[in-house]
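Participant: Handing you a structure now.
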Amino acid sequence: MNTIPDPSQLRRRRTIEAGSVVSRSGGVLCVVLFMAGWIGMPPALLDAPWVRLAGTGALVEMGFSLLLAVVNLRDPGGRHYERNSTLGVVLDTIAIAGLVASIQTAGQTAWPLLSLSILTAALRKQLGGALLAWTVTSGILAVAVVVNGHRAMPAGDLSVAVLSHLLVAMLSGTQARAYSRQVQELGAARRQLAHQAAHDPLTGLPNRARLAEHAQSLEGRAIAALVLDLNGFKAVNDTLGHAAGDEVLRIVGERLRTALRDDDLAGRIGGDEFVIVMADATLDTASSLAARLRDDIRRPMSLDGRPVSVGVSIGVAVGTDTSLEALCLEADAAMYLDKDYSGR
């Protein structure tokens with residue numbers, strides 16, 4: 001199942017991908033200038049076939065990883081984002097390691113550039129990615145040294161390169177993991193606050209503001225508002241205590257949730273009063289739901305082993321392009337008529 005990232009994760013992804021597009025574009029340009037002999041290319045390497053081969057391969061791989069970064073930047077919440085990100089890290093690592101190894105083989109110092117691929121892997125894949133990039137780059141560098149001996153680099157320098165890059169991987173990976181955890185915690189806190197602002201803390205049902213927002217989203221469709229008020233709830237509070245009353249409200253809320261269709265929404269607007277917003281409703285469908293809810297809510301509840309029952313009065317109003325507030329006023333009046341009728 002694909003999970004849509006929250007806004008903070010999307011912003012972080014966009015920042016990463018924007019930086020990747022810039023850095024990879026710069027990397028491609030640098031390799032082109034390097035291969036042309038305009039920057040950093042010693043004369044001895046201009047005609048070295050392995051350097052040419054490594055440089056050409058690096059250009060192809062970096063160009064493809066640049067394309068992946070552009071795709072991810074355009075759609076940071078896409079279902080292929082993680083796959084593209086992982087593939088981009090792999091291509092960057094191979095391209096940089098291969099180019100560095102070929103330059104080292106010619107006796108030129110280039111191994112510090114390997115830290116770039118480690119930092120990139122840490123930014124995207126945290127500690128695990130940084131250590132994997134370190135393993136791959138160190139392995140490629142070690143193979144180049146074993147095959148070409150001291151011409152590639154002295155054994156002591158290889159140890160320094162491997163250990164220093166391990167330190168880079170550990171530091172950057174742990175920092176990236178800490179930052180990612182912080183982003184996740186902030187996102188969870190933001191979602192929790194948004195939920196609390198739109199829901200009743202006792203029953204977990206939407207509050208008045210969330211109901212109004214839902215009704216507004218149904219603009220142009222026929223909607224029904226059902227206003228429900230419990231009968232006998234005060235007696236439960238007076239005889240069994242407020243804790244029992246709270247449990248009754250929670251049970252009623254759950255029964256309302258299970259009785260609704262996908263586009264319908266039930267909420268608690270205070271005390272023992274509830275409101276239901278029905279989408280694409282007629283008076284018949286709303287009245288039919290009201291009848292079922294009367295039966296559901298009247299069913300006895302077990303509170304600490306004691307059976308408890310409450311009744312409910314329900315008012316119904318149906319309209320199109322009518323505000324929820326206006327419908328609730330009409331339904332509220334109908335609910336009091338229902339309560340008076342039930343009382344008589």
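Participant: Answer yes or no as to whether residue 161 is at pLDDT below 90, in contact with a helix residue (DSSP H, G or I) (Cβ under 8 Å, 6 or more places away or on another chain), crowded, with 18+ Cβ neighbours inside 10 Å and farther than 30 Å from residue 274 by Cβ.
Facilitator: Taking the combined requirement at face value, the residue satisfies it.
Participant: Does residue 267 meet the test of being out of contact with any strand residue (DSSP E or B) (no Cβ under 7 Å at 6 or more places or on another chain) and of a type outside the set (Asp, Glu)?
Facilitator: No: the conditions fail for residue 267.
Participant: Quick check: is even one residue across segment 218-232 modelled with pLDDT of 90 or more and part of a helix (DSSP H, G or I)?
Facilitator: no
Participant: Further question on the same structure: Give 21, 31, 51, 70 a once-over and let me know the one that is within 30 Å of residue 105 (Cα to Cα), modelled with pLDDT of 85 or more, of a type in the set (A, V, I, L, M) and part of a helix (DSSP H, G or I).
Facilitator: None of the others qualify; the one that does is 21.
Participant: Return a yes/no flag: does segment 126-148 have any residue that is surrounded by 17 or more Cβ atoms within 10 Å (Cβ to Cβ), within 20 Å of the chain's Cα centre (by Cα), in contact (Cβ under 8 Å) with a residue 40 or more places away in the chain and within 19 Å of residue 85 (Cβ to Cβ).
Facilitator: yes
Participant: Residue pairs, Cβ under 8 Å, 6 or more apart or interchain, first in segment 301-312 and at pLDDT 90 or above, second buried (at least 17 other Cβ atoms within 10 Å of the Cβ) and among the acidic types (Asp, Glu). List them.
Facilitator: As it stands, the answer is 301/247; 312/229, since those pairs meet every condition given.
Rundown of residues vs (1) modelled with pLDDT of 95 or more; (2) in a loop (DSSP other than H, G, I, E, B); (3) among the aliphatic types (A, V, I, L, M); (4) closer than 21 Å to residue 214 by Cβ, yes/no style:
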site	(1), (2), (3), (4)
238	no, no, no, no
257	no, no, no, yes
285	no, no, no, yes
291	no, no, yes, no
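Participant: For segment 132-144, indicate whether the set of residues that are within 22 Å of residue 21 (Cα to Cα), assigned to a helix (DSSP H, G or I) and aromatic (Phe, Trp, Tyr) is non-empty.
Facilitator: Within segment 132-144, not a single residue is within 22 Å of residue 21 (Cα to Cα), assigned to a helix (DSSP H, G or I) and aromatic (Phe, Trp, Tyr).
Participant: Still on this structure: Out of all the residues in segment 94-102, is one or more under 22 Å from residue 7 (Cα atoms) and either assigned by TED's automatic domain parsing to the domain that holds residue 54 or assigned to a helix (DSSP H, G or I) (or both)?
Facilitator: No, because not a single residue in segment 94-102 is under 22 Å from residue 7 (Cα atoms) and either assigned by TED's automatic domain parsing to the domain that holds residue 54 or assigned to a helix (DSSP H, G or I) (or both).
Participant: Name the residue, out of 262, 280, that is in the same structural domain as residue 243 (by TED's automatic domain parsing), free of Cβ contacts under 8 Å to residues at least 12 places away in the same chain and under 34 Å from the mean Cα position of the chain (by Cα).
Facilitator: The match here is 262.
Participant: Applying the selection to segment 176-201, what residues are exposed (fewer than 13 other Cβ atoms within 10 Å of the Cβ) and outside any helix (DSSP H, G or I)?
Facilitator: Passing the criteria: only 201.
Participant: Since residue 83 meets every condition but one in (1) at pLDDT below 85; (2) within 26 Å of the chain's Cα centre (by Cα), which condition does it not meet?
Facilitator: Answer for residue 83: the failing condition is (1).
The values are calculated or read from the model by the stated rules, or taken from the named source; none is laboratory data. Note that the structure is a prediction, hence the values are computed from the model and not measured. Positions of Cβ are backbone-derived with ideal geometry, glycine not excepted, and every protein chain shown enters the neighbour counts.
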